[in-house]
Amino acid sequence: MHERRRVVIIGGGAAGFFGAIACAEKLGAAGEVTIYEATAHPLAKVRVSGGGRCNVTHACFEPRELVKHYPRGARELLGAFHHWQPRDTVAWFAGRGVELKTEADGRMFPVTDRSATIVDCLRGEAMKAGVNLATETGVRAVKPGDDLRGDGAAPPFVITLTNDETVPADRVLIATGGNKASAGFSIAAALGHEIVPPVPSLFTFHVDDPRLAGLAGLSVERAVATVAGTKLQAAGPALVTHWGLSGPAILRLSAWGARELAAAGYQFDLTVNFAPPRTREALAEELAAQRRANPRKQIATWNPVGLPQRLWERLVAAAGIVTGTTWAQASNTALGALAGQVTAAAFGVKGKSLFKEEFVTCGGVKLSEVDFRTMESRLCPGLHFAGEVLDIDGVTGGFNFQSAWTTGWLAGRAMAAD
């Protein structure tokens, strides 16, 4: 092997940078680590994530709990998280002068609330570790090496760049993300890997319904969303948008149901309980009690379940209860209809939208073909993977970045090992 180990990182995102730094710090002068980034903007996704604040990780420090947030990859990540988990991520950044803070929902951000803090840290640490960064230079192909120098010392890999230049490599890390347009999938497939077809994983639902019209920005703190006719269900806050429904409950549902919803062409029936854990029957009884206790109050203006007032008024109208109706005037049938609107509101979903700029996919390199102790290919020695190029995805909340840090670190350290 060449005296200095030559390591090529394909992709300048979170996983690529973290892998490059971990590798270069361990190799020191004994190696040469180069990141090839096809665009002019490395770490672009880090910069725009979390509304420009960068949701670095999540305050979940028990691996068995942590993996519950990954619709795909949970089993494989369990062992990996025993080697690098959110606690390690927090300590890594703190050791480099970047303190993180924890919000009420467990998401962790830099105390500066600026994603540039994370970008600058990663770029600075890469430079300090001696990592080379080539921007606007993608990788077109990776092939097993030939004897380039004619001295019998062929490198394990020959990398063909998008500028047609070829470079040798002893180790290669593919960290191109989950975008099917990137070269990572085609390179992995050419080296024998099966690619699970990628589909979007975090997205909002297009819903055109008079009950939601004009309510954009309104949120319900606790809701349970269910895809009719399936076992798909998720709980959490729900948010009304200009185009339909979003919020953690919807995003979780989109992640867990990514493949089924794609197969349905993103046309399906959604049921939302805006007042869990109440059932329709339990709420009907509760509303009957309100009728006895507050007979003279108007139903539309007396909201006993804590919903945002404007949404309550829409649901009352949808139940066929006219404005001005008092509780005393409401029949059992009317109260039953209202209970149904609150606990089992049916909406027709007619498509999806991406969640902000946080494009996440499920699909990618088949997990059984990768050794999660080292992130090395089981089919092609010396080839490693990290981040969303793998068939791994997490729900929103810092989990996708955490899998990038973990797999990047494991790959980087392994590529530096003898």
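The values are calculated or read from the model by the stated rules, or taken from the named source; none is laboratory data. Bear in mind that the values here come from a model prediction, so they are computed numbers and not experimental data. All Cβ positions, even for glycine, are placed from backbone atoms using ideal geometry, and neighbour counts span all protein chains on display. Please note that ligands, DNA and RNA were not included when accessible areas were found on the heavy atoms of the full protein model with its side chains. Shrake-Rupley method; radii C 1.70, N 1.55, O 1.52, S 1.80 Å.
The residue that is nearest to Gly217 (Cα to Cα), counting only those in the range 286-316 that are touching a residue at least 60 places away in the same chain (Cβ under 8 Å) and hydrophobic (A, V, I, L, M, F, W, C), is Leu311.
Cβ separations smaller than 8 Å between residues 6+ apart or across chains give no pair from the range 48-62 residues that are in contact (Cβ under 8 Å) with a residue 24 or more places away in the chain to residues that are among the acidic types (Asp, Glu) and part of a strand (DSSP E or B).
Taking the range 155-177 on its own, how many of its residues are open to solvent by 30 Å² or more (accessible area, probe 1.4 Å) and over 13 Å from Gly19 (Cα atoms)?
Applying the first criterion (open to solvent by 30 Å² or more (accessible area, probe 1.4 Å)) to the range 155-177 yields 156, 160, 162-166, 168, 171, 176.
Those left that are additionally over 13 Å from Gly19 (Cα atoms): 156, 160, 162-166, 168.
So the count comes out to 8.
Which one is most open to solvent (accessible area, probe 1.4 Å), of the residues in the range 211-228 that are in a strand (DSSP E or B) and in contact with a Phe, Trp or Tyr (Cβ under 9 Å, 6 or more places away or on another chain)?
First pass over the range 211-228, keeping only residues in a strand (DSSP E or B): 219-227.
This time we only want the ones that are in contact with a Phe, Trp or Tyr (Cβ under 9 Å, 6 or more places away or on another chain), so: 220, 222-225, 227.
Numbers: Val220: 9, Arg222: 147, Ala223: 4, Val224: 33, Ala225: 2, Val227: 5 Å².
The selected residue is Arg222.
Residue count for the range 18-43 under the criterion of being touching a residue at least 40 places away in the same chain (Cβ under 8 Å), closer than 15 Å to Arg171 by Cα and either among the hydrophobic types (A, V, I, L, M, F, W, C) or touching a helix residue (DSSP H, G or I) at 6+ places or on another chain (Cβ under 7 Å) (or both): the result is 11. With respect to the conditions (1) open to solvent by 80 Å² or more (accessible area, probe 1.4 Å); (2) not in a loop (DSSP other than H, G, I, E, B), Leu283 falls short on a single one, namely (1). In the range 183-210, the residue that is farthest from Val8 (Cα to Cα) out of those that are open to solvent by 30 Å² or more (accessible area, probe 1.4 Å) and either among the acidic types (Asp, Glu) or outside any strand (DSSP E or B) (or both) is Pro210. Do we find that Ala235 is open to solvent by less than 60 Å² (accessible area, probe 1.4 Å) and over 35 Å from the mean Cα position of the chain (by Cα) in this structure? For Ala235, the condition - open to solvent by less than 60 Å² (accessible area, probe 1.4 Å) and over 35 Å from the mean Cα position of the chain (by Cα) - is not met.
Take the conditions (1) closer than 21 Å to Ala255 by Cα; (2) assigned to a loop (DSSP other than H, G, I, E, B); (3) not aliphatic (A, V, I, L, M); Arg373 misses just one of them, which is (1).
Scan Ser254, Ser246 and give me the residue that is touching a Lys or Arg at 6+ places or on another chain (Cβ under 8 Å), of a type outside the set (D, E, K, R) and closer than 30 Å to Val360 by Cα. Step through it out loud before you land on a result.
Details: Ser246 fails: touching a Lys or Arg at 6+ places or on another chain (Cβ under 8 Å).
The unique qualifying residue is Ser254.
Is it true that some residue in the range 315-325 is in contact with a strand residue (DSSP E or B) (Cβ under 6 Å, 6 or more places away or on another chain) and open to solvent by 60 Å² or more (accessible area, probe 1.4 Å)? No, there is no match, as no residue in the range 315-325 is in contact with a strand residue (DSSP E or B) (Cβ under 6 Å, 6 or more places away or on another chain) and open to solvent by 60 Å² or more (accessible area, probe 1.4 Å). There is at least one residue in the range 354-361 that is under 22 Å from the mean Cα position of the chain (by Cα), at pLDDT below 95 and part of a strand (DSSP E or B). Does Gly351 satisfy the criteria of being of a type in the set (Gly, Ala, Ser), open to solvent by less than 30 Å² (accessible area, probe 1.4 Å) and assigned to a strand (DSSP E or B)? Judged against the criteria, Gly351 is a match. When the range 95-109 is limited to residues that are of a type in the set (Gly, Ala, Ser) and touching a residue at least 24 places away in the same chain (Cβ under 8 Å), the one that is nearest to Phe401 (Cα to Cα) turns out to be Gly106. Summed over the range 377-417, residues that are part of a helix (DSSP H, G or I), closer than 23 Å to Phe157 by Cβ and aromatic (Phe, Trp, Tyr) total 1. Which pairs have Cβ atoms under 8 Å, sit 6 or more apart or on different chains, and link a residue in the range 267-281 that is touching a residue at least 24 places away in the same chain (Cβ under 8 Å) and farther than 13 Å from Leu245 by Cα to one that is open to solvent by 70 Å² or more (accessible area, probe 1.4 Å) and not in a loop (DSSP other than H, G, I, E, B)? What qualifies is Gln267/Lys350; Ala275/Arg222; Pro276/Arg222.
Looking at the range 111-131, which of the residues that are open to solvent by 40 Å² or more (accessible area, probe 1.4 Å) and assigned to a loop (DSSP other than H, G, I, E, B) is farthest from Phe61 (Cα to Cα)?
Per the stated criteria, the residue is Gly130.
Residues in the range 398-418 that are buried (at least 24 other Cβ atoms within 10 Å of the Cβ) and small (Gly, Ala, Ser): Gly398, Ser403, Ala404, Gly408, Ala411, Gly412.
If we only count strands (runs of 3 or more DSSP E) wholly inside the range 1-110, which ones have 3 or more residues that are crowded, with 18+ Cβ neighbours inside 10 Å?
Values: elements: 5-10, 31-36, 100-102, 107-110.
Per the criteria, 5-10, 31-36, 107-110.
In the range 373-391, which residues are crowded, with 24+ Cβ neighbours inside 10 Å and either of a type in the set (S, T, N, Q) or more than 18 Å from the chain's Cα centre (by Cα) (or both)? Hits for the range 373-391 are Met375, Leu383, His384.
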